[in-house]
Each structure stands twice: as structure tokens, then as C-alpha cells.
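Read the structure below first, then the notes.
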Amino acid sequence: MNKYIIILLAFTTVQITFGQESFTRQDTLRGSITPERAWWDVTYYHLDVSVDPATKSIKGKNTVQYKVLEPYKVLQIDLQAPLKITKVVQNGEILNINHDGNAHFINLKSDQKKGSIQSLDVYYEGQPQEAKRAPWDGGFSWSKDADGNDFVATSCQGLGASVWWPNKDHMYDEVDSMLISVTVPKGLMDVSNGQLRNVEEHKDGTKTYNWFVSNPINNYGVNVNIGDYVHYSEDYKGEKGLLKMDYYVLKENLEKAKTQFKDAPRMMEAFEHWFGPYPFYEDGYKLVEVPYLGMEHQSSVTYGNKFKNGYLGRDVSGSGWGMKFDFIIIHESAHEWFANNITYKDMADMWIHESFTSYSESLFVEYFYGKKAAAEYVIGVRKNILNDKPIIGPYNVNQSGSGDMYYKGSNILHTLRQWINDDVKWRGILRGLNETFYHQTVTTEQIENYISKSAGLDLTAFFNQYLRDARIPTLEYSIKNKQLKYRWIDTVPNFEMPIQVYFDGKEQWLFPKTDWSTMKINDDDLKVDVDFYVESLKL
């Protein structure tokens, strides 16, 4: 599905500077909707790849089907070195390719008529980049299980799916459906996205696993997981009927998984309550053990949290509530709603994925343990916030903003919930986002506008403050002669968020602006409601 905008680009060979960060032509080619991308809408992929763990190499092709939006004769496909495109074929003809780093420009011969459906085959091979610190610095993870069997997986968010397969590697355009065919050595199984159609057995002992994804999927959500897996499943009675939940783990971890993975249906219960129906009933839900921490691969969530509660056995909030659940199962699965259902168009808006998903951890706690426990959890993660730079990053260069999109992001949403002060409306906003932007790629502005309209509030300055400025709003006040004087400082223009405070024996709302306001007070101090992520300064 194509939700595209055409951006006029002036490519140069010099670096572009954004704040203290510099970007190159390659960053622009990777992160922009180039003219060679804008004219076509990808509709279907068939990725057919053989994986050889013995040589850490892969070989295959990707059939790219697309709809012509405007006639054009040059098409951009992305594939990262050291992998190489060996040839591209359309209508039986081998096409010429102009290579520019990781961007490859295919010169088409056939007429590309507006509205027509076309396809081409991209053949490629090589030794893909090996993940250095998966999933943050991804690629292929080549490992072994306890019995010495190969244990292999891919991860590529940020870095891009083109690190291991050729595609249109920009988030704005998700493929409508996809067939993933993975050939693996004897004795191993591949688990990828969607539903398993069939398994083909070959004379040399290898097998090809054919997985079909019937829903739109973002590129980094596509994955390969190879191992000596065992499988079990259960049916979950969800909002849209029966949902098949499948679990794939190494043999030695089967009993651990049967206990630890009980968090998966609990997750589904909580998040269908908060966010609406699981977005991919047709493709099912899988939890797959991998040799790294985990990732939100669509309908094929990967898991490496060592079958422990918390984050590798640690409570990231310090509240105690983080040990009540398996962090990876809850966090990565929440991405099915915020990342896989609602997907950012540009990586600069990655907060749409991570802020809502980080916040989902406290919503899980709230569903099972209550609102007070959830507040303690989300407030507890504030110790991890850096306030180093804005949460929104630079656009068109495949770059995210501050890592504060996680813990600060969750507290932004928690703070906004306090302002709205209506839990029924708040839940309706969360569910409404997933219904309104179902299977879509979006911008920050779309999310901001939807929340503002649904809440009945002008949240322009609120989002500018918390997403586009690194400062924390500070309530500056003084109390003299029974008079309270107060205002906001360290804010963007027109910041006027109301806030709850405690004084004179009761909870009250203040409505500070950037100019001083005054009111009568009997106490000699006040206390700001800790649910608001702000600072206070008494003069």
C-alpha cells in the first residue's frame, strides 16, 4: 500500500549537518522518498532465499511486484554491502543497473504505464553483515544451540532490511502481502512471518519453508529464524474470534517456555482491552526463541530474555512491578499495535513506535495490578531519562531522535492522560488510533492531530515541548503573605498545560502560563502531582 508524498530532493556529495550530527548522500538515498521510489507502489514480494550457516552466506531472489503511479524508467532497489545484486530481470530481459553505494538504480526497458501492475526479479548473493550487537546493530546472528546445531536469526530495525534482502527500503511504503521462502539445511526449521503454507523437501536433504503474510508488513518486520525448534500452540479467544498463538523454542527450553510464555495470552488480553483487536488475526501470533534479546517482527515476535521476568531479570522501573512480567514478551508484542499496525513513515518519528510501546508496559501492569501500581512503574522509569536532545529526529536521512523516546515517551503519554483526566476517553483514544490508522504508515502530525481532536484540546504547544524540545517544563512559584505566584519556565511559546497540585489540604488544578498568575493560599508550600512529568522550583 502506498501512502506517499513526493519530496523534491537536491542530492549532493557533501555532508548535511543537523545540530551536531552530519549526514551523507547515502543517508539521504536511504532516508528520502527519492524520485526513483516515489513513482511506484510496492504491492507484493516473493523473497526466496537459501541460507548456508556453514559459510555464513545466503543466495536467492526477490520478486518485486508494483503498481505504476506515474510513468518513469528508473527504479531504486536497496541492498547493503557486502551482499551483491547479480542480475535484475523484467519480462525476460536482463536490465542495466547503476550502483550508488547501497542504492541500486534499475534502468527499465518496458513501458511503465500509469496504473499498470509490473514485476521484476532481483537476484542476489553473498555473506550478509553479521550482527555485532543484535538487535541494535543488526544483520544475521549466527549461533549454536546446546547440542551444536546452527541457531540463526535476522534483525534489522534502523539499519534496514536491505542488510539482508533487496527491497524498497523506506518505511513509507509497505508491501500489501508477501511470500517468504527460506531453504535451510537438513535437521533445521525456518520460522518466518505469517502462516506456514507448506514445506518442500529436496533430494539434498534441505527443506524450503514457505510462509505467507496476508497483511501489509514493514520491511524490518520481515525475519528469518532458523534452528532445531520444537513447536506448541494454543487458541486465544479474542475480540475478533479465535487467534492461533504459536510458540517455537529450542528443545532444551521447552518446559521453561511452557511456564514463561503464559505471559503471551495475558499480554493479548490486556492489549486488546487497551488498544483494540490484535491487528493480524489472519497471520496469527508467534513467539520465537532467538539468540539475541528480541524484536517486534510482525506476527513473528522474537524472544531472547532467558525465560526470566523483568528485563533479563532486572526491573527497569525499580518499583518492583517490573518483575511481575516478562519485559520482552510484553514490550515487543505491544509493537504489533504500535509499529506493525501503526507504522512511522520516517524514522525521525520513531517515537510513535517506542513511546506508546514503552507506555504499554504500565498499561499491562494497570490491567492486572491496578492504576496505582501502573503509576509507580511509569514514574519509576524516569530515572533512565537523559533529556539530551529532542525525541523527534532529523527527517529524510533515516535517523531517529533521542533514546528518551522510550522512558520519557511513556511519561509524556502518562502526563497527557492526567491532563485529559478521563480514563474512558483515554482508552478510546488508544483504541481509536489503532482503528483510524489501521495498517497505515503515519506522521507525527497525524498522531498529534488525532489525539488533539479526540481529546478536545489544543495540544500544539504540549507536543512541541515534549517532542521537539529537550527541556522539562518547570513550575516556578513563590509563596509570600498568603499569596501564591506561579508560572511555567523552560518552555516553548504558548505552553499552558494545567497541572494538579496539593495545598490547603486538598488537590487543586492550577492553570499556569508563561506569565505570572496569582491566587490566595494558606499553606507555606505546595506539592506537584507526581503523575505529571514536570519539575518545580520554589523561589
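Computed quantities for the displayed model
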{"quantity": "Condition met for His104 (modelled with pLDDT of 95 or more, exposed (fewer than 13 other Cβ atoms within 10 Å of the Cβ) and not in a loop (DSSP other than H, G, I, E, B))", "calculated": "no"}
{"quantity": "Subset tally (residues that are closer than 14 Å to Asp169 by Cβ and acidic (Asp, Glu)) for the stretch 81-107", "calculated": "1"}
{"quantity": "Selection from the stretch 309-349 of residues that are over 24 Å from Gln260 (Cα atoms) and in contact with a Phe, Trp or Tyr (Cβ under 6 Å, 6 or more places away or on another chain)", "calculated": "Ile342, Lys345, Asp346, Ala348"}
{"quantity": "Residues within the stretch 477-491 that are within 19 Å of Leu416 (Cβ to Cβ) and open to solvent by less than 20 Å² (accessible area, probe 1.4 Å), tallied", "calculated": "1"}
{"quantity": "Qualifying residue in the stretch 183-191 (condition: surrounded by fewer than 16 Cβ atoms within 10 Å (Cβ to Cβ) and aliphatic (A, V, I, L, M))", "calculated": "no"}
{"quantity": "Residue in the stretch 154-177 that is open to solvent by 10 Å² or more (accessible area, probe 1.4 Å), of a type outside the set (A, V, I, L, M) and under 25 Å from Val230 (Cβ atoms) present", "calculated": "no"}
{"quantity": "Criterion: over 28 Å from His414 (Cβ atoms), open to solvent by 40 Å² or more (accessible area, probe 1.4 Å), among the charged types (D, E, K, R) and touching a residue at least 60 places away in the same chain (Cβ under 8 Å) - qualifying residue of Glu234, Glu252, Glu269", "calculated": "Glu252"}
{"quantity": "Residues (of a type in the set (Gly, Ala, Ser) and open to solvent by 30 Å² or more (accessible area, probe 1.4 Å)) located in the stretch 272-324", "calculated": "Gly313, Gly318, Ser319, Gly320"}
{"quantity": "Flag if Gly148 is at pLDDT below 95 and more than 24 Å from Phe261 (Cβ to Cβ)", "calculated": "no"}
{"quantity": "Unmet requirement for Ile33, which otherwise passes all of (1) hydrophobic (A, V, I, L, M, F, W, C); (2) touching a Pro at 6+ places or on another chain (Cβ under 9 Å); (3) not in a strand (DSSP E or B)", "calculated": "(2)"}
{"quantity": "Of all residues making up the stretch 344-401, the number that are open to solvent by 10 Å² or more (accessible area, probe 1.4 Å), assigned to a helix (DSSP H, G or I) and either farther than 22 Å from Tyr220 by Cα or without any contact (Cβ under 8 Å) to a residue 40 or more places away in the chain (or both)", "calculated": "13"}
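Each row is one residue, and each column tells you yes or no for (1) under 16 Å from Gly284 (Cβ atoms); (2) basic (Lys, Arg); (3) touching a strand residue (DSSP E or B) at 6+ places or on another chain (Cβ under 6 Å); (4) not in a strand (DSSP E or B).
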position	(1), (2), (3), (4)
Tyr209	yes, no, yes, no
Asp235	yes, no, yes, no
Val249	no, no, yes, no
Asn253	no, no, no, yes
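The values are calculated or read from the model by the stated rules, or taken from the named source; none is laboratory data. Note that the coordinates shown come from a computational prediction; the quantities given were computed from them, not determined experimentally. Methodologically, a virtual Cβ is constructed for each residue, glycine included, from the backbone with ideal geometry; neighbour enumeration extends over all protein chains shown. Quick note on the areas: whole protein, heavy atoms, side chains included, nothing else; ligands and nucleic acids left out. Shrake-Rupley method; radii C 1.70, N 1.55, O 1.52, S 1.80 Å.
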